[in-house]
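Trainee: Before I ask anything, let me first share the structure, which is written out below as structure tokens.
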Amino acid sequence: VIRYDAVVVGGGPAGSSCARDLVRAGAAVLVLDRAVFPRDKCCAGWITPHVVAALDLDLAAYGRGHVVQPITGFATSVVGGREIATTYDRPISHAIRRCEFDHYLLDRSGAQLRLGAPVRHLERTGTGWVVDGEIETPVLIGAGGHFCPVARTLHPARDAGPVVAAQECEVRMTRSQAERCAIDPELPALYFCPDRRGYGWCVRKGDFLNVGFGRLADGEFPRHVAAFLAFLHRERKVPPDLPAKWPGHAYRLYAQKSRAFVADGVLLVGDAAGLAHPISGEGILTAVESGRLAARALLQANGGSARDALAPYAAMLEARYGKPAAPFRDRWLPPGLVSWLGQRLMAMPWFVRRVLLERWFLHVDLPRLELAGSHVG
Ligand SMILES: Cc1cc2nc3c(=O)[nH]c(=O)nc-3n(C[C@H](O)[C@H](O)[C@H](O)COP(=O)(O)OP(=O)(O)OC[C@H]3O[C@@H](n4cnc5c(N)ncnc54)[C@H](O)[C@@H]3O)c2cc1C
């Protein structure tokens, strides 16, 4: 049996961010992931300045050898409606490729890695956990995304709460495909569903094009994806020869019926905790920040791993993201009115700029995350 101070299950942005802070504090940390990195991750790869700050990422240095696409605005519309281009005089976000990004972050964490085998068996002992019969630790960090085995140990039943289903493809375009692609590299396009339950996107990243669609899960998802793709082709937004089959994934939004984040010897972070933004669906920021907050809570627990010792982590999440609440659209307005109102608002440039983009997607009013007395970013 090999012993570690903490074992992180999942090497995505949540797991690597948590592992990095623990390693920097002197802990012996092992990260386990079923995949061998670099691995693909279904994701548009849009990162806001908050993500860059929370990661202490030097984008210029990262950009030497990795794809980094500056974004200076967005083209937004309700699918089939008039597009509004909202532009800025500087980059307001960036697009990265997750296969590169996650590999870089995991490598940078300095943790010991065991990649290429899924975690199968978690056993609770008097002093902590034994993973797959051979790794012992007082604390497990559940960072395995939506299907995280640690989260499933805590929440064996399918718990309620909104889940987003999403599908996408990312392709390297040939020169002729790039010439036929109507999307401006600095101005990704967002196409919102009329009923406000999801949106599609086209994001260019250097030579690559990422096209996808995400929506609050219901039985109609495949129909919506097909309709969105037909719309893109009809309007000649994307090259005609995109792959027909898109990989898909699901993840949980931070909302009313969220999961418990803490248990005896367990902290859940990122998608494993269900922390994605309830309106935009972005999950990279909350993955990185929750990873760092979990590390902080664990360090402050000073060797304690009982639920009570780790409970401050849940309080930190609530202080950062507010109490989990039902998304606005689900609260009390009739769906027809929400749809009508949404279409009117989406045609108003001030609403798109100030509310949709700056407030809901860029989170300009979210303060910097403070960690251990110092600002992050
Ligand atoms: C189509 C799509 C587009 C998206 N676009 C964006 C976007 O543009 N911007 C944004 O902010 N968010 C986006 N998101 C959300 C974002 O991708 C996630 O919220 C984010 O990746 C969560 O990070 P994580 O580290 O928690 O989990 P993940 O990145 O999913 O990492 C989890 C890791 O756990 C590993 N794992 C799983 N099971 C096991 C096991 N049994 N044993 C060992 N390892 C295991 C996996 O291999 C994986 O490496 C998108 C999501 C989807 C589906």
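Every number in this text was worked out from the coordinates using simple rules, so none of it is lab data. Note that the structure is predicted; figures quoted are calculated from it, not measured. When we count neighbours, we look across all protein chains shown, and the Cβ atoms used for this are built from the backbone with ideal geometry, even at glycine.
Trainee: Mean residue ellipticity at 222 nm from the helices of the chain, using -39,500 (n - 2.57) per DSSP H segment of n ≥ 4 over the full residue count, to the nearest 500 deg cm²/dmol?
Mentor: On the way: 11 runs with 102 residues, N = 377.
After summing the helix terms and dividing by residue count, I get -7500 deg cm²/dmol.
Trainee: Regarding the range 1-158, what is the average projected area of its C-alpha convex hull, in nm²? Walk me through the intermediate numbers first.
Mentor: Details: hull surface 48.4 nm².
Over all viewing directions, the range 1-158 projects a mean Cα-hull area of 12.1 nm².
Trainee: Rounding to the nearest 20 debye, state how big the charge dipole of the chain is about its Cα centre with +1 on each Lys and Arg Cβ and -1 on each Asp and Glu Cβ.
Mentor: Numbers: 45 positive and 37 negative charges, 149 e Å.
Around 720 debye, computed over the chain.
Trainee: Between Ala182 and Ala35, what length in nm is gained on full extension when 0.36 nm per residue of separation is reduced by their alpha carbon distance? It would help to have the intermediate numbers written out before the result.
Mentor: Details: separation 147, 0.36 × 147 = 52.92 nm, distance 3.45 nm.
Here the segment from Ala182 to Ala35 would lengthen by 49.5 nm.
Trainee: Convex hull volume of the Cα atoms in the range 176-277, per residue, in Å³? Each step should come with its number before you reach the end.
Mentor: Working: hull volume 14.6 nm³, N = 102.
Normalising the Cα hull of the range 176-277 by residue number yields 143 Å³.
Trainee: Assuming R0 = 41 Å, what is the FRET efficiency of Leu341 and Asp89, from their Cβ-Cβ distance, to the nearest 0.05? Present the calculation step by step, with values, prior to reporting the outcome.
Mentor: Details: r = 31 Å, r/R0 = 0.75.
The formula returns an efficiency of 0.85 here.
Trainee: Out of Phe261, Gly81, Leu275, whose Cα points farthest toward the positive end of the dipole of the chain (charges: +1 Lys, Arg; -1 Asp, Glu; placed on Cβ)?
Mentor: So the residue furthest toward the plus end is Gly81.
Trainee: Say each of Thr72 and His233 gets a label point 7 Å from the Cα, pointing the same way as Cα to Cβ; how far apart are those two points in nm?
Mentor: Placing both labels 7 Å beyond Cα along the Cβ direction yields 3.4 nm.
Trainee: A further question follows. Ignoring trypsin sites (Lys or Arg not before Pro) that are buried or in helix or strand per DSSP, and keeping those with at most 10 other beta carbon atoms within 10 Å, what is the longest stretch of the chain between them? Can you show the working numbers first?
Mentor: Numbers: sites that count: Arg64, Arg82, Arg120, Arg158, Lys245, Arg331.
The reported range is 159-244.
Trainee: Looking only at the chain, where both bridge partners belong to it, what percent of the DSSP beta bridges are antiparallel (to the nearest 5)?
Mentor: Numbers: 47 of 69 bridges.
If I count the DSSP bridges inside the chain, around 70 percent turn out antiparallel.
Trainee: Residues in the range 96-113, backbone N under 19 Å from the label point at Asp58 (7 Å along the Cα-to-beta-carbon vector): list them, ranges by number please.
Mentor: Residues passing the 19 Å test: 101-110.
Trainee: Treat each spin label as a single point 7 Å out from the Cα along the C-beta direction, and report the Asp365 to Asp195 distance in nm.
Mentor: Between Asp365 and Asp195, the simple spin-label model gives 2.9 nm.
Trainee: Moving to a separate point now. Could you give the length gained on full extension between Ala311 and Arg108, defined as 0.36 nm per residue of separation minus the Cα-Cα distance, in nm? Show your work: numbers first, answer last.
Mentor: Numbers: separation 203, 0.36 × 203 = 73.08 nm, distance 2.81 nm.
Length gained between Ala311 and Arg108: 70.3 nm.
Trainee: Over the Cα atoms of the chain, each weighted equally, I'd like the Debye log10 I(q)/I(0) at q = 0.06, 0.08, 0.15 Å⁻¹, rounded to two decimals.
Mentor: Rounded to two decimals, the profile gives -0.22, -0.40, -1.37.
Trainee: Taking θ = phi - 60°, what integer Hz values does the Karplus form 6.51 cos²θ - 1.76 cosθ + 1.60 yield along the range 290-299, in sequence order, with x for Gly and Pro?
Mentor: Coupling constants for the range 290-299: 5, x, 6, 5, 5, 4, 5, 4, 5, 5 Hz.
Trainee: Say R0 is 41 Å: what FRET efficiency, to the nearest 0.05, do Ala325 and Val1 get from their beta-carbon distance? Don't skip to the end; give the middle numbers.
Mentor: Working: r = 43 Å, r/R0 = 1.06.
Efficiency, rounded to the nearest 0.05: 0.40.
Trainee: With θ taken as phi - 60° and the coefficients 6.51, -1.76 and 1.60, list the Karplus ³J(HN,Hα) couplings across the range 87-96 in order, rounded to whole Hz; mark glycine and proline as x.
Mentor: Result, rounded to whole Hz: 10, 10, 8, 8, x, 9, 6, 9, 10, 10.
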